[in-house]
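Below is one structure; the comments refer to it alone.
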Amino acid sequence: MMVLSQKTIEEILNSLDKSIAELAKVVLENIESQNNFQDMENFLSSQYEIRLQNLLKAKNTDIHYLESGIKNLVIQRKQKILEEVFNQYQN
């Protein structure tokens with residue numbers, strides 16, 4: 001497994017942020033009612049995980065091989081992008 005630099009991790013996370021934001025726009029346009037909010041949250045969260053795993057796999061690594069500081073960064077970025085999406089949804 002390859003060790004990723006901070007710059008590479010940032011590039012992956014930036015790409016992932018853009019991808020999830022675009023996906024959220026599509027989901028928000030097609031959501032039928034506010035009762036689906038929890039479903040949307042679960043969907044976007046799982047898509048974040050899947051897409052992250054795919055991006056890491058392309059770099060010949062896995063989330064399990066990242067150091068704890070990088071894992072914390074990933075968690076923080078995931079929370080941040082999902083909060084931004086949900087704030088847009090509520091407005």
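Derivation of every value follows stated rules applied to the coordinates shown; laboratory data play no part. Because the structure is a prediction, the values reported are computed rather than measured. Quick reminder, even Gly has a Cβ in these numbers, built from the backbone with ideal geometry, and neighbours come from all protein chains shown.
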Relative contact order of segment 6-90, defined on C-alpha pairs under 8 angstrom at six or more residues apart (%): 45
Degrees, to the nearest 10: 37-58 long Cα axis against longest axis of the chain: 20
Furthest towards positive pole of dipole, 45, 3, 86, structure part the chain, Cβ charges: 3
Extended-chain gain in nm, criterion 0.36 nm per residue less alpha-carbon gap, residue 14 and residue 38: 6.2 nm
Neighbourhood charge, 10 Å Cβ-Cβ cut-off, centred on residue 77 and excluding it, Lys, Arg +1 and Asp, Glu -1: 0
Candidate aspartates and glutamates for bridging to residue 57, where Cα separation is under 18 Å - those fewer than 8 sequence places away on the same chain excluded: 10, 11, 17, 49, 67
Model label zone, residue 6; criterion: amide N under 19 Å from point 7 Å along Cα-to-beta-carbon; scope segment 57-90: 66-78
Distance between modelled label sites at residue 54 and residue 83, nm, 7 Å Cα→Cβ extension: 2.7
